[in-house]
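> This is the structure I have questions about; it appears just below.
The values are calculated or read from the model by the stated rules, or taken from the named source; none is laboratory data. All values derive from a computational prediction rather than experimental measurement. Here the Cβ positions follow ideal geometry from the backbone for every residue, glycine too, while neighbour counts run over all protein chains shown. With ligands, DNA and RNA removed, areas are computed over all heavy atoms of the protein, side chains included. Shrake-Rupley method; radii C 1.70, N 1.55, O 1.52, S 1.80 Å.
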Amino acid sequence: RQHEAPRRVKRAWVIPPISVSENHKRIPHLLVQIKSDKQQPGGVIYSIKGPGVDEEPLGIFSIDKFSGKVFLNAMLDREENDRYRLRAFALDLGGVTLEDPTDLEIIVVDQNDNRPLFRQDVFTGRVVEGAEPGTCVMTVDATDADDPDTDNAALRYSILEQGAAGMFSINATTGEICTARPGLDRETMGVYNLTVQAADMSGDGLTTTAMAVIYLEDINDNPPEFTKEEFSMEVEEQAAGVDVGKVFVHDKDLAGSPSWLAKFTILEGDPEGNFAIRTDPHTNDGVLSVVKPLDHEVRDRFELTVSVQNERPLEPSAPASPRALATVRVRVRDVNEAPVFRENPRRISVLEGTPPGTAITTYTASDPDTHQIQTLTYALLYDPAEWLQLDPHSGTVRTKRELLHPSAFLQGGWYIALLLARDDAEPPLSATGTLSIEILEVNDHAPQLQPPAGVLCGRPGRGGTLLLGATDDDRPPHGAPFHFQLSPQHPQLARNWSIARFNGEAIPSDRNQDPRNHFPHHPSHPNPSSQPNCILPQPSPRAPRAPPCPHACPGVPAVLAGLGAARVRGRRRALRKGLLQRSRDDMRDNILNYDEQGGGEEDQDAYDINQLRHPELFTPRAKPPLRRDAPLSSGTPMAPRKLPSSPSDIEDFINEGLEAADSDPSVPPYDTALIYDYEGSGSVASPLSSIVSSLTDEDQDYDYLSEWGPRFRRLADLYG
């Protein structure tokens with residue numbers, strides 16, 4: 001079968017394509033008659049199958065089974081189906097196939113039965129005003145359902161209506177709309193409505209229309225103009241931050257666009273910057289306002305020159321405006337102004353104790369209303385101590401009572417009062433002035449000795465001392481510092497007494513054996529009971545020591561103890577300095593703590609802390625061994641000493657204790673230099689310096705690291 005030649009098909013059974021026009025109205029309509037070459041005596045049975053017969057759409061075609069005539073039974077629409085492919089069959093009366101099935105193709109011929117359709121009913125486009133001819137704006141397009149290979153779908157475009165100007169044209173084939181003439185002006189016509197048409201059959205067939213709306217975009221081809229050349233307005237003086245009035249402008253450009261928004265400038269008439277002008281964004285008018293208070297008495301009218309222009313620069317082709325400048329006249333209305341204290345606050349100085357009725361100042365205000373005749377009156381608004389009185393017409397301030405120190409109404413020596421100045425306008429206005437009065441100190445109080453009396457006692461060779469001070473109720477510079485001296489009215493006092501300054505105070509001391517009933521005097525006070533303050537001087541070394549005095553002042557031992565402690569500290573500092581120079585190579589640290597636990601590893605016998613806590617329990621029986629860190633030559637420590645029976649022996653008691661402490665090696669050397677890095681020799685632990693004592697790793701034996709446990713195993717592997 002593969003090599004079997006194709007069988008020859010007889011021409012009668014091959015059916016050529018059949019064409020039929022759509023919308024054919026004569027139905028049924030004979031399309032074709034098919035006939036088989038194998039006619040049988042009993043006849044042939046014909047049949048067809050396919051879309052339009054036994055497939056959707058059903059019933060369009062049919063065949064006479066005996067004659068083979070094919071009929072069209074319904075109107076065809078090429079836009080729904082442009083061709084039908086059927087199969088034809090020939091059978092004998094017994095149903096045996098006589099011929100192989102053959103194809104039957106029915107072609108639907110197009111008719112111009114569809115109008116063009118625009119893709120949208122309204123087309124919109126934009127173009128700037130003043131655009132050059134030939135500037136393309138937009139494109140309109142339409143479709144046709146007819147056969148695109150025929151003239152039934154060949155479309156042509158045209159503008160049916162656009163007004164009398166004829167500013168636009170359309171490409172008949174593409175539908176592109178462009179400007180045709182110059183002179184597009186948005187201010188003349190901002191929107192163009194065009195009626196466009198599309199026609200098939202190359203413009204001679206069916207037609208349809210649509211709208212093309214073209215908007216002109218604004219450019220700044222019109223400058224803003226003032227509605228008039230002069231504007232007048234007025235404002236009250238002393239007003240600031242208020243609007244004075246408006247200047248009105250007109251602009252033909254698109255409202256709200258940068259080409260329409262105005263910008264105002266004050267060119268002349270306001271050198272001090274009293275005014276400002278801004279644009280009202282809703283109305284595009286200029287709003288003039290006052291930024292600095294105006295004074296009618298200084299200047300009662302202003303004449304301003306104001307210019308206007310747009311936010312966007314003007315097009316070069318735009319004409320200049322004859323009304324770009326305007327004159328604004330502003331009148332300043334006079335109003336009542338409050339009085340003014342030119343010097344506020346007023347500061348003056350007054351001596352304390354100034355007698356009542358003394359005029360201390362005249363504090364007045366001025367009225368800015370020079371064009372109005374007004375009278376000012378004054379009143380005290382605040383006078384807490386009621387020290388002052390005020391003349392209501394002249395403003396003269398006088399003392400009502402003495403101004404004295406101290407007072408709860410003074411603040412750092414100043415007294416504050418407030419004055420009120422009021423005019424007689426309607427309604428009246430007032431101002432407040434501050435009067436600051438400095439109360440100057442006067443030296444009207446004598447200093448007082450503290451204590452006013454005292455007793456000095458001494459013994460041969462040791463004079464007594466007495467600390468004296470002074471107080472003064474006056475404030476600086478009439479108070480401290482004080483000068484002390486023996487009374488010049490009694491020159492014989494200088495033979496027995498001396499006086500010296502100690503920390504700003506005075507110390508009188510006796511020079512002879514008998515210090516009784518002699519008191520130092522302040523030069524301005526003959527009475528010893530009213531003397532200033534004094535302190536401790538040294539007695540004359542030639543004076544014999546006096547016997548103990550039973551009336552000694554109880555405060556003297558404390559002062560002598562303080563001086564003795566200061567002397568002990570001085571001697572210890574000198575001793576420490578000498579020890580540092582002598583024994584830098586052999587020292588130990590001796591740290592004194594309240595939880596003292598002893599010395600280092602070799603310093604367990606350095607000292608016994610109990611001796612320091614209870615010295616009376618330890619009586620030296622033999623000469624103790626000398627300490628290596630003893631600062632000086634040591635002697636045998638003294639036994640516990642007896643306390644002094646008289647306060648005059650306190651100094652000797654302290655000196656003897658100091659000498660015993662410095663000479664006793666059995667107690668810690670408090671005043672030696674402390675060396676904290678000395679631990680002695682022979683310690684069980686090796687010194688840390690042995691780790692780096694060798695210069696190279698070869699000189700060091702690291703085998704012992706393996707004996708230190710698993711944590712040092714890695715280190716032993718590296719160095720062992």
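For (1) under 30 Å from Glu161 (Cα atoms); (2) outside the structural domain of Thr150 (by the TED database); (3) of a type outside the set (Ser, Thr, Tyr), each residue gets a yes or a no:
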site	(1), (2), (3)
Met189	yes, no, yes
Thr195	yes, no, no
Met201	yes, no, yes
Glu229	no, yes, yes
Ala239	no, yes, yes
His250	no, yes, yes
Leu254	yes, yes, yes
Ala262	no, yes, yes
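> Does Leu254 satisfy the condition of being in contact with an Asp or Glu (Cβ under 7 Å, 6 or more places away or on another chain) and of a type outside the set (Phe, Trp, Tyr)?
Yes.
> While we're here: Tally the residues that are of a type in the set (Gly, Ala, Ser) and part of a strand (DSSP E or B), restricting the search to the range 357-385. Give the derivation first.
The first filter runs over the range 357-385 and keeps only residues of a type in the set (Gly, Ala, Ser), leaving 357, 359, 365-366, 379, 385.
Next, only the ones that are part of a strand (DSSP E or B) stay: 359, 366, 379.
Counting residues in the range 357-385 that are of a type in the set (Gly, Ala, Ser) and part of a strand (DSSP E or B) gives 3.
> To continue, here is another question. Specify the residue that is surrounded by the most Cβ atoms within 10 Å (Cβ to Cβ); the eligible residues are those in the range 390-439 that are β-branched (Val, Ile, Thr) and within 17 Å of Glu352 (Cα to Cα). Show your work before the answer.
Taking the range 390-439 first, the residues β-branched (Val, Ile, Thr) are 396-397, 399, 416, 432, 434, 437, 439.
Now drop any that are not within 17 Å of Glu352 (Cα to Cα), which leaves 397, 399, 416, 437, 439.
Values: Val397: 27, Thr399: 18, Ile416: 15, Ile437: 23, Ile439: 23.
Result: Val397.
> Further question: Given the condition assigned to a strand (DSSP E or B) and of a type in the set (D, E, K, R), answer yes or no: does some residue in the range 416-423 qualify? First the steps, then the outcome.
Restricting attention to the range 416-423, the residues satisfying the condition of being assigned to a strand (DSSP E or B) are 416-422.
In the following step, the residues that additionally are of a type in the set (D, E, K, R) were identified as 422.
Yes, the range 416-423 has at least one match.
> Consider only pairs whose beta carbons are under 8 Å apart and that are at least six residues apart or on different chains; among these, list those whose first residue lies in the range 224-251 and is under 30 Å from Arg186 (Cα atoms) and whose second residue is hydroxyl-bearing (Ser, Thr, Tyr) and buried (at least 21 other Cβ atoms within 10 Å of the Cβ).
Partner pairs satisfying both residue conditions: Asp251/Ser259.
> Give, as residue ranges, the strands (runs of 3 or more DSSP E) completely inside the range 120-234 that count at least 1 residues that are exposed (fewer than 15 other Cβ atoms within 10 Å of the Cβ).
On the way: elements: 122-128, 136-139, 156-161, 168-170, 176-179, 191-199, 207-217.
Result: 122-128, 136-139, 156-161, 191-199, 207-217.
> Would you check which residues across the range 256-277 are loosely packed, with under 13 Cβ neighbours inside 10 Å and in contact (Cβ under 8 Å) with a residue 12 or more places away in the chain and list them? Talk me through it step by step, then tell me what you get.
Let us first name the residues in the range 256-277 that are loosely packed, with under 13 Cβ neighbours inside 10 Å, namely 256, 265, 267-268, 271-273.
Hits for the range 256-277 are Thr265, Leu267, Glu268, Glu272, Gly273.
> Then there is this: Can you go through Arg301, Arg323 and tell me which one is in the same structural domain as Leu261 (by the TED database) and loosely packed, with under 13 Cβ neighbours inside 10 Å?
Numbers: Arg323 fails: loosely packed, with under 13 Cβ neighbours inside 10 Å.
Testing whether each residue is in the same structural domain as Leu261 (by the TED database) and loosely packed, with under 13 Cβ neighbours inside 10 Å leaves just Arg301.
> Ile45 versus (1) over 21 Å from Lys25 (Cα atoms); (2) touching a residue at least 24 places away in the same chain (Cβ under 8 Å); (3) more than 60 Å from the chain's Cα centre (by Cα); (4) surrounded by fewer than 17 Cβ atoms within 10 Å (Cβ to Cβ): which is the lone unmet condition?
For Ile45, the failing item is (4).
> Among the residues of the range 354-373, how many are touching a residue at least 24 places away in the same chain (Cβ under 8 Å) and either open to solvent by less than 30 Å² (accessible area, probe 1.4 Å) or among the aliphatic types (A, V, I, L, M) (or both)?
As a first pass, look at the range 354-373 and keep what is touching a residue at least 24 places away in the same chain (Cβ under 8 Å): 354-372.
Applying the additional criterion that residues be either open to solvent by less than 30 Å² (accessible area, probe 1.4 Å) or among the aliphatic types (A, V, I, L, M) (or both) yields 354, 359-361, 363, 365, 368-369.
Counting residues in the range 354-373 that are touching a residue at least 24 places away in the same chain (Cβ under 8 Å) and either open to solvent by less than 30 Å² (accessible area, probe 1.4 Å) or among the aliphatic types (A, V, I, L, M) (or both) gives 8.
> Quick check on this structure: which one of Ser394, Ser436, Ser430 is without any contact (Cβ under 8 Å) to a residue 40 or more places away in the chain and not acidic (Asp, Glu)? I'd like the intermediate steps shown before the answer.
Values: Ser436 fails: without any contact (Cβ under 8 Å) to a residue 40 or more places away in the chain; Ser430 fails: without any contact (Cβ under 8 Å) to a residue 40 or more places away in the chain.
Only one candidate passes the filter, namely Ser394.
> Ok, one more. Counting just the residues of the range 80-112 that are among the hydrophobic types (A, V, I, L, M, F, W, C) and free of Cβ contacts under 8 Å to residues at least 40 places away in the same chain, which one comes out nearest to Ser21 (Cα to Cα)?
In the first step, residues of the range 80-112 are kept if they are among the hydrophobic types (A, V, I, L, M, F, W, C); the result is 86, 88-91, 93, 96, 98, 104, 106-109.
Subsequent filtering for residues that are free of Cβ contacts under 8 Å to residues at least 40 places away in the same chain retains 86, 96.
On the way: Leu86: 18, Val96: 36 Å.
So the residue we want is Leu86.
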